[in-house]
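First comes the structure, then the notes that go with it.
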Amino acid sequence: MFGYAGKVLRINLTEKQIKLEDLDMNLARKYLGGRGLATKIFMDEVDPNVEPLSPENKLIVASGPLTGTTVPTGGRYMVITKAPLTGTIGCSNSGGYFGAELKSAGYDMIIFEGKADSPVYISIEDDKVEIKDASHLWGKLVSEATDELMNKYGQKARVLCIGPAGERLSKIAAIMNDYDRAAGRSGVGAVMGSKNLKAVVVKGSKKAKYADEEETKKVVSDKIKKIRENGITGEGLPTYGTAVLVNIINEHGILPVKNFQKAYSEDADKISGETMTRDILVRRNPCYRCPIACGRWVKLKDGREVGGPEYETLWAFGADCGIYDIDAIAEANFWCNEYGLDTISAGTTIAAAMELYEKGYVKDEEIEEDGYSFKFGDVEAIIGWTKKMGAREGFGDKLAEGSYRLCESYGVPELSMSVKKQELPAYDPRGVQGHGLEYATSNRGGCHVRGYMISPEILGSPEKLDRFTLEGKAEWVKVFQDLTAVIDSLGVCLFTSFALGAQDYVELMNAVSGTDYNVDTLLEAGSRIYTLERLFNIKAGIDPKEDKLPDRLLEEPIPEGPSKGHVHRLSELLPKYYEIRGWGRDGIPTEETLQKLSV
Amino acid sequence: MIKVKLFATFRNGREKEIHFEYYEGITGREIIEKLGIKEEEVAIFIVNGRDKKWDEPIEDEATVSLFPPVGGG
Ligand code: SF4
C-alpha cells in the first residue's frame, strides 16, 4: 500500500466513539482518493435526502494518495458532505498544510458522524486521537481558536476549524485551516457547526511510503521543472498571484460589475494583481511543497500583516460591489477568514443586496439600525456587512443565508447570480461560452474550479479556443471536468494543470502508488467520479432542469465593453454535453453509461 | 490614435498605457516591435477584447491589450 495511509478514522460525535478502519483498496483503485473516494463512501453510507444540518449528515475530511508526499502541491484535502447551500453533493477543497499533516499522522480520511451534545474539538497526535471539550473555543474567531490550539499543541501542529459563521450555521460558511486557507464553498462550515465540532488539530510523524522511491524522485523533479518553466506557473502566478486575472478578465469584457449588470470597468486596474503587488504585498504565502506559491501575504491599512485576497475575492468585494479600493477589499477578505466565510459567496451576496436596494426591494428602514448602507461603491459597507454576516447580526442574519435565499425572500430570486443556489464566480459567461456550460453543469452549483474553461478560452492553455463559439465546447468541458475530478482526488492543486497534463498525473500516481493507470483509465476514473456526483444530486432531488444560468445571462446582452452584445447560449450547448456524457436527454445518466463506467 | 495597454511584467520599465499614431495597415507585430517586446513573450494579444493575428491591420481608435503568460484563479 503506497501513497495511501491505508487507514480511515471514524468519529461518531453522538456516541463519542472513535474507530480505526482499513481503507478499502478496491474502492480506492476505482475512485482514486480524496474527492472521488470520499464521495463514494459518503454515498454508500448516507441517504441523499438527508437534511444537511442534521446529525444524520456526515462530513468527510479526505486526503488523496499524493497528499503528504514529495509531489509538488501535495498538501490538499477535500471536504465531502451534503451541502447546506445547494442541497447537492458538497465538495470543497483546500491547500495549506493540514492535509499533509493528516496523512503523516497516518490517516487518509476522517469520517464525522452524529452531533456532539456540546462543543468539541478533535486532537490527533499520530495514533492518539481524542475528543475534547471546546466550550472555551466556541465563539472565537478563526485566528483566536487557531492560536489557542497551536499554543497548546505546539507550533508544528496544524489546525482546521470553523469561525462564528460556521457555528451559527451560515449557509456560506467555510472550513478554514492554517489560519487563512479555506475549504470555502457550499456552506461546509455550517455542517461542522451543526455537529458542534469547532476544530481538528493534528500532528503527525510518519513518513510517506513510495512504491518506487527512485522513480518518484525522477518524476517529481521532472514535474517541478515543467511547473517552473511554464509561463503561468513559473512566472505569472508566483509574481502576481491569482489577482493577475483582474486586468485580463476585464480587458476581455467579462469582469462582472455590480451584480453582473455590466462586464467591464475603467477602474479595474485599481484592484488588480499589479496594484496589489506594488502597494500592499508583503511576501508570498505558499502551501505545502508548492513551487508556484500563488498565496499572498499583505499589509492592511492599520499595519497588520495577513493573508491576502485571491482574484475571486478582489472581484466579489470589488467590481461586483462597485468598489475599487484594494485596502478595503483586503480588510473584508481578512474578516471573511476570521469569521470563516466563503469570500465568493459573501462578496456576491452583498452585491445582490446592493442591487435589491438599488431597485427598491430592500428599504432604508430595514438597515437603519445596522448603520451600513447597500449603496454600490460604499467602501465601509463591505467591511461592516461582512462582520454582521459572520456574526448573523441585524440584516447580516439574512445575508448569511446566501444571495439566492436573500433575493427569494423579496420575491426576486432571479436577482441572485447563482446556479443551484450557489453564487457564480468572477467570469461573466456571456463572453465565455464553454465556461458558462461549466457553471451550469458543475455538480456543486455555480463554480469555476470543476472545469476551468477560462484556461483555453481566455489564457490559451493548453491551446487557444474562440471564446464566443460553441463548436467543440461540450467536449472540452467534459474533459476538463473529468481531469479536475482526477486532480482533486489525487490531492494536488488544480493550478498545476496549467503546466501538467493527464500523462504527467499518470506518471506521478504510478510512481508513488505502484499503480498502472494510463491516460485513458485515469480520465475514466475522473468521468466515473463526475457521474457518481451527478447521481447523488439526482437522488437528492436536484432536477436536471437546474442545469441553467440566471435569466439575466441568457436573455440580456452585455451592455457595453469588449463583449458587448453577447448572451450565453446554453440551450444550444446542453444537449450535446448530455450526449457526450452518456446521459439521456433528460440529463440523467443512462444505465448503459453507468455500466460502462462501472459506477 | 491607437491605445496600447500593457500589463504584468510588460510594465517593468514602460508606461502602462502608450499611444501610437494611427496609419493605415498598422499591425500588432509593428506595435510590439516599437515597444521592444518579442512575439514569443506575449501570451495574450487582443484588440478591443478580441483575438487578432499579428499581421492583421488594426483599425483607428482601437485599444490593444498585451499580457505575458499569466495565471488563473
Ligand atoms: S498554487 Fe497556490 S493554491 Fe495551489 S498549492 Fe500553490 S500556493 Fe497553494
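Taken together, the values in this text are just the output of simple stated rules run on the coordinates, not laboratory data. All values reported here derive from a predicted model rather than from experimental measurement. Here the Cβ is made from the backbone with ideal geometry for all residues, glycine too, and neighbour counts use every protein chain on show.
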#### Entry: Distance (nanometres) between label positions extended 7 Å along Cα→Cβ at A:Asp212 and A:Lys545
5.3 nm
## Note on the structure
From the Cα centre of the stretch A:368-399 to that of the stretch B:1-69, the distance in Å is 42 Å
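Given axes a ≥ b ≥ c from the Cα gyration tensor, I'd like to know whether the stretch A:289-332 is rounded (a/c under 1.5), prolate (a/b larger than b/c) or oblate. If you can, show how the numbers build up before the last one.
Values: a/c = 3.72, a/b = 1.35, b/c = 2.75.
The shape class here is oblate.
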### Query
Taking the Cβ-Cβ separation of A:Lys19 and A:Asp364 as r and a Förster radius of 45 Å, what is the calculated FRET efficiency to the nearest 0.05?
0.25
### Message
Show me, for the stretch B:21-37, the HN-Hα J-couplings you get by feeding each phi into the Karplus relation (A = 6.51, B = -1.76, C = 1.60, θ = phi - 60°), rounded to Hz, glycine and proline as x.
### Response
4, 7, 9, 4, x, 4, 10, x, 4, 5, 5, 5, 4, 4, 8, x, 10
### Query
Given the pairs A:Lys82/A:Lys223; A:Lys262/A:Lys375; A:Lys363/A:Lys387; A:Lys7/A:Lys596; A:Lys209/A:Lys478, which are separated by over 23 angstrom at their Cα positions?
A:Lys82/A:Lys223; A:Lys7/A:Lys596; A:Lys209/A:Lys478
### Query
Can you pull the mean other chain C-beta count within 10 Å for peptide A:462-475?
1
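Let me know the mean shielding of A:497-503 by other chains, meaning the per-residue number of their Cβ atoms within 10 Å of its Cβ. Numbers along the way, then the final one.
Details: counts 1, 4, 0, 0, 0, 0, 0.
Across A:497-503, the average partner-chain Cβ count within 10 Å equals 1.
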### Query
In what order do B:Tyr22, A:Tyr427 fall by count of nearby beta-carbon atoms within 10 Å, going from fewest to most?
B:Tyr22, A:Tyr427
### Task
Calculate the mean, over all residues of peptide A:247-257, of how many other protein chain Cβ atoms lie within 10 angstrom of the residue's Cβ.
4
## Note on the structure
Going from the fewest other Cβ atoms within 10 Å to the most, one would list A:Thr521, A:Thr349 as A:Thr521, A:Thr349
## Note on the structure
Once amide hydrogens are built 1.01 Å from N within the peptide plane, the residues lying 5 or more places from A:Asp133 or on another chain with amide H under 5 Å from its amide H are A:Tyr121
### Summary
Once amide hydrogens are built 1.01 Å from N within the peptide plane, the residues lying 5 or more places from A:Lys82 or on another chain with amide H under 5 Å from its amide H are A:Lys58, A:Gly90
### Query
Taking a threshold of 18 Å on the Cα-Cα distance, which of the pairs A:Lys270/A:Lys359; A:Lys156/A:Lys207; A:Lys128/A:Lys195; A:Lys115/A:Lys398 fall above it?
A:Lys270/A:Lys359; A:Lys128/A:Lys195; A:Lys115/A:Lys398
### For the stretch A:271-287, Karplus couplings with θ = phi - 60° (6.51, -1.76, 1.60), whole Hz, Gly/Pro x
10, 8, x, 4, 5, 4, 4, 6, 9, 10, 5, 9, 6, 7, 9, x, 8
### Message
Please give the Cα centre distance for the stretch A:426-493 versus the stretch A:524-591, rounded to the nearest Å.
### Response
12 Å
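Over the stretch B:2-67, what is the relative contact order in whole percent, taking alpha-carbon pairs under 8 Å and six or more residues apart?
Numbers: 100 pairs, mean separation 30.6, N = 66.
Dividing the mean separation by the residue count of the stretch B:2-67 yields 46 percent.
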### Query
Which of rounded, prolate, oblate describes the stretch A:120-259, given a ≥ b ≥ c as roots of the alpha-carbon gyration tensor eigenvalues and a/c under 1.5 marking rounded, otherwise prolate only if a/b is larger than b/c?
oblate
### Message
Output wanted: per-residue J couplings in Hz (rounded whole) for the stretch A:15-28, from phi through Karplus 6.51 cos²θ - 1.76 cosθ + 1.60, θ = phi - 60°, x for Gly and Pro.
### Response
7, 6, 10, 10, 10, 10, 10, 7, 6, 6, 5, 5, 5, 4
### Query
Of the listed peptides A:159-169, A:137-147, what is their order by residue-averaged count of other C-beta atoms within 10 Å, with the highest listed first?
A:159-169, A:137-147
### Task
Taking the Cα centre of chain A as origin, work out the dipole magnitude from +1 charges on Lys and Arg Cβ and -1 charges on Asp and Glu Cβ, in debye rounded to 20.
1340 debye
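Over the Cα atoms of the stretch A:7-203, what is the Rg over Rh ratio if Rh follows Kirkwood? Before the final figure, lay out each step's value.
Numbers: Rg = 14.9 Å, Rh = 16.1 Å.
With Rg and the Kirkwood Rh in hand, the quotient comes to 0.92.
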#### Entry: Residues of the stretch A:464-491 with amide N under 16 Å of the 7 Å Cα→Cβ point at A:Glu579
A:470-478
#### Entry: Long-range HN-HN contacts of A:Cys290 with modeled amide H, under 5 Å
A:Thr73
### Task
Specify which residue in the list A:Ser104, A:Ala332, A:Ile172 is farthest towards the positive end of the charge dipole of the protein assembly as shown, using unit charges on the beta carbon of Lys, Arg (+1) and Asp, Glu (-1), about the Cα centre.
A:Ser104
### Query
Under the definition of Cα pairs under 8 Å and six or more residues apart, what whole-number percent is the relative contact order of chain A?
16 percent
### Distance between the stretch A:228-300 and the stretch A:1-52 - C-alpha centres, whole angstrom
36 Å
### Task
With label points built 7 Å along Cα→Cβ from the Cα atoms of A:Ser118 and A:Ser205, find their separation and express it in nm.
3.3 nm
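Give me A:Arg392, A:Arg228 sorted ascending by neighbouring Cβ count inside 10 Å, so fewest comes first.
Numbers: A:Arg392 20, A:Arg228 15.
In order of increasing Cβ crowding within 10 Å: A:Arg228, A:Arg392.
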### Query
Which peptide among A:199-212, A:319-332 comes first, and what is the full order, when sorted by highest mean count of other Cβ atoms within 10 Å?
A:319-332, A:199-212
### Message
Taking a virtual spin label 7 Å from the Cα of A:Val412 along the C-beta vector, which residues in the stretch A:539-553 bring their backbone nitrogen under 18 Å of it?
### Response
A:550-553
### Task
Highest first, please rank the peptides A:533-541, A:57-65, A:301-309 by the mean number of other Cβ atoms sitting within 10 Å of their residues.
A:57-65, A:533-541, A:301-309
### Message
Taking a ≥ b ≥ c as the square roots of the Cα gyration tensor eigenvalues, with a/c under 1.5 meaning rounded and otherwise prolate when a/b beats b/c, else oblate, which class fits chain A?
### Response
rounded
## Note on the structure
Here the relative contact order (percent) of the stretch A:143-283, from C-alpha pairs under 8 Å and at least 6 apart, is 14 percent
